[in-house]
């Protein structure tokens with residue numbers, strides 16, 4: 001928990017500071033445009049995994065909204 | 001924009017042949033080309049993903065789940081997204097009772113009394129009580145529409161539904177996204193509302209009622225509202241990070257209508273059973289953080305989540321995927337690992353003593369216990385053909401994925417004296433096999 005919060009705080013702080021070294025120019029996005037670099041790029045894998053974990057564990061979600069789930073939990 | 005000549009020709013021939021077959025009569029060459037062009041143009045703006053998953057637990061549930069997702073780019077910069085899922089489940093499901101040295105007899109949920117022999121099942125000494133006749137089917141679908149409000153702002157409207165014999169669910173969501181900092185930063189905010197209707201087989205049992213009295217009512221409902229705020233930041237030309245904070249609250253009937261709790265006598269034998277009861281509201285808060293780092297031959301995705309709720313549960317999750325392209329870049333391997341830990345809900349009790357008063361909230365559902373879970377996975381993917389897709393020239397992909405999941409109770413809650421030596425909390429082991437195709 002502590003590690004997650006510290007890491008998250010650092011990220012948010014870096015983002016909110018508007019540091020000019022963050023980010024890239026449009027012509028520097030070749031790697032970022034790849035599917036495996038897109039958040040949600042493995043959508044079906046995530047959906048199938050999330051359904052498995054939803055039915056077996058007490059926690060779910062976080063990445064996006066669930067909804068339309070099952071009556072299994 | 002130039003089509004790949006070989007693939008384009010092959011594709012045109014295939015589509016033309018299909019059209020001719022479907023038409024059942026010769027089609028004029030010009031008309032065929034019109035159809036081919038139309039289909040080609042239409043497919044260019046679609047991203048299709050389909051998968052078939054098989055899930056199997058040791059001695060418990062198995063499921064077959066076909067899933068399909070389609071995304072369509074609109075001319076105005078918007079996007080439509082559709083998904084459809086079907087689940088067929090069967091096998092044995094734990095009913096919540098404690099393993100005993102005695103043979104235990106139970107009634108299936110549809111039974112009206114213990115006199116209906118065809119609705120009965122027995123569990124032999126030393127085995128986890130499971131209902132061996134569990135079977136269910138689920139149909140679920142969803143759609144979302146992303147529409148640009150300005151060059152930098154988008155709205156997203158979505159809806160989902162899920163249907164089972166004993167459960168219906170409908171969810172709607174509304175969200176806003178805005179790009180900042182030369183599109184290196186995206187902030188988002190969304191709200192969703194879920195309404196569920198439960199019609200348990202045999203009726204919803206009266207909470208904490210004696211299992212042998214079959215006190216059951218009709219249907220129940222529950223309602224949930226959630227908000228999620230996120231920020232996505234491009235950190236460098238090969239690193240992107242995402243952080244979400246979410247809160248949701250569910251209220252209404254939150255029990256599992258098929259779960260009971262063993263009441264144990266002074267000797268340590270099952271004295272009886274009562275239906276579980278959970279609090280009628282639950283508020284959850286979570287923080288999620290994801291990082292993707294890429295290079296020419298691969299990428300790493302690492303994410304972590306912390307979640308806490310008003311039932312006293314808090315959980316931690318960490319997950320990592322490593323995608324590694326093999327020489328030639330037309331095949332990849334993706335090993336993955338996930339670690340999950342949760343503590344028990346405040347009202348989790350694996351069993352009750354007949355000498356003590358029954359608590360107002362109690363459940364023996366292992367999913368509310370303290371446990372650790374590990375997942376190991378390996379995915380293999382290979383590129384099939386070139387086509388023009390949403391990100392320019394893309395490749396169709398075939399992939400196959402295998403995962404192993406293991407869940408172990410932590411701390412081994414004490415059992416009754418007579419159960420000494422029995423495996424009261426057997427480890428859950430499951431594997432998942434998934435075959436997928438992307439276009």
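Values in this text are rule-based calculations from the coordinates and carry no lab data. As the structure is a computational prediction, the values presented were derived from the model and not from experiment. Because the Cβ atoms are built from the backbone with ideal geometry, glycine has one as well, and the counts that use them run over all protein chains shown.
Using 0.36 nm times the number of residues separating residue B:64 and residue B:152, minus their current alpha carbon distance, what extension gain do you get?
The residue B:64-residue B:152 span can extend by a further 27.6 nm.
At a Förster radius of 45 Å, what calculated FRET efficiency corresponds to the Cβ-Cβ distance of residue B:271 and residue B:52, to the nearest 0.05?
0.45
Say each of residue B:223 and residue B:341 gets a label point 7 Å from the Cα, pointing the same way as Cα to Cβ; how far apart are those two points in nm?
The two pseudo-label positions are separated by 3.8 nm.
Per the Kirkwood treatment, what hydrodynamic radius in Å, one decimal, follows for the range B:48-438 from the mean inverse distance over all distinct Cα pairs?
The answer is 23.8 Å.
Just the Cα atoms of the range B:121-245, one point each, no solvent: what log10 I(q)/I(0) does Debye give at q = 0.14, 0.18, 0.20, 0.22 Å⁻¹?
Ignoring solvent entirely, the Cα scatterers give -0.82, -1.04, -1.17, -1.27.
Let me know the shape class of the range B:245-385, please: from the alpha-carbon gyration tensor, a ≥ b ≥ c as square roots of the eigenvalues, rounded when a/c is under 1.5, otherwise prolate if a/b is greater than b/c, or oblate.
Judged from the Cα gyration tensor, the range B:245-385 comes out prolate (a/c at least 1.5, a/b above b/c).
With n ≥ 4 as the cut-off for DSSP H runs, can you work out [θ] at 222 nm for chain B, using -39500 (n - 2.57) per run divided by the number of residues, rounded to the nearest 500?
That comes out to -2500 deg cm²/dmol.
In the P(r) worked out for the range B:233-273, what percent of Cα pairs fall beyond 12 Å?
77
Label points 7 Å out from Cα along the Cβ direction at residue B:357 and residue A:29: separation in nm?
Between residue B:357 and residue A:29, the simple spin-label model gives 6.3 nm.
What is the Å³ per residue value for the convex hull set by the Cα atoms of the range B:102-193?
155
What FRET efficiency comes out for residue B:398 versus residue B:213 if R0 is 56 angstrom and r is the Cβ-Cβ distance? Round to the nearest 0.05.
Once rounded, the FRET efficiency stands at 0.55.
Which residue, B:421, B:224, B:141, tops the fluctuation ranking in a GNM of chain B built on C-alpha contacts under 10 Å?
With Cα springs under 10 Å in chain B, the top fluctuation among B:421, B:224, B:141 is at B:421.
To the nearest 10 degrees, how steep is helix B:29-44 against the longest Cα principal axis of chain B, on a 0 to 90 scale?
50
Write down the Å³ per residue value for the convex hull defined by the alpha carbon atoms of the range B:323-439.
150
Determine, from the Cβ-Cβ distance of residue B:76 and residue B:406 and an R0 of 35 Å, the FRET efficiency 1/(1 + (r/R0)^6), rounded to the nearest 0.05.
With a Förster radius of 35 Å, E is 0.15.
Using a 10 angstrom cutoff on alpha carbons, build the Gaussian network for chain B and name the most mobile of B:125, B:92, B:296.
Per the Cα network of chain B with a 10 Å cutoff, B:296 tops the list.
Helix B:5-23 versus the longest principal axis of chain B: what angle, 0 to 90°, nearest 10, using Cα atoms?
70
Looking only at Cα atoms, what is the convex hull volume of the range B:221-301 per residue, in Å³?
Once divided by residue count, the hull of the range B:221-301 is 179 Å³.
Along each principal axis of its Cα atoms, how long is the range B:307-364 end to end? Whole angstroms, biggest number first, please.
Projected onto the principal axes, the Cα atoms of the range B:307-364 cover 70, 21, 12 Å.
When chain B is treated as a GNM, springs tying every alpha-carbon pair under 10 Å, which of B:214, B:366, B:271 comes out with the largest mean-square fluctuation?
B:271
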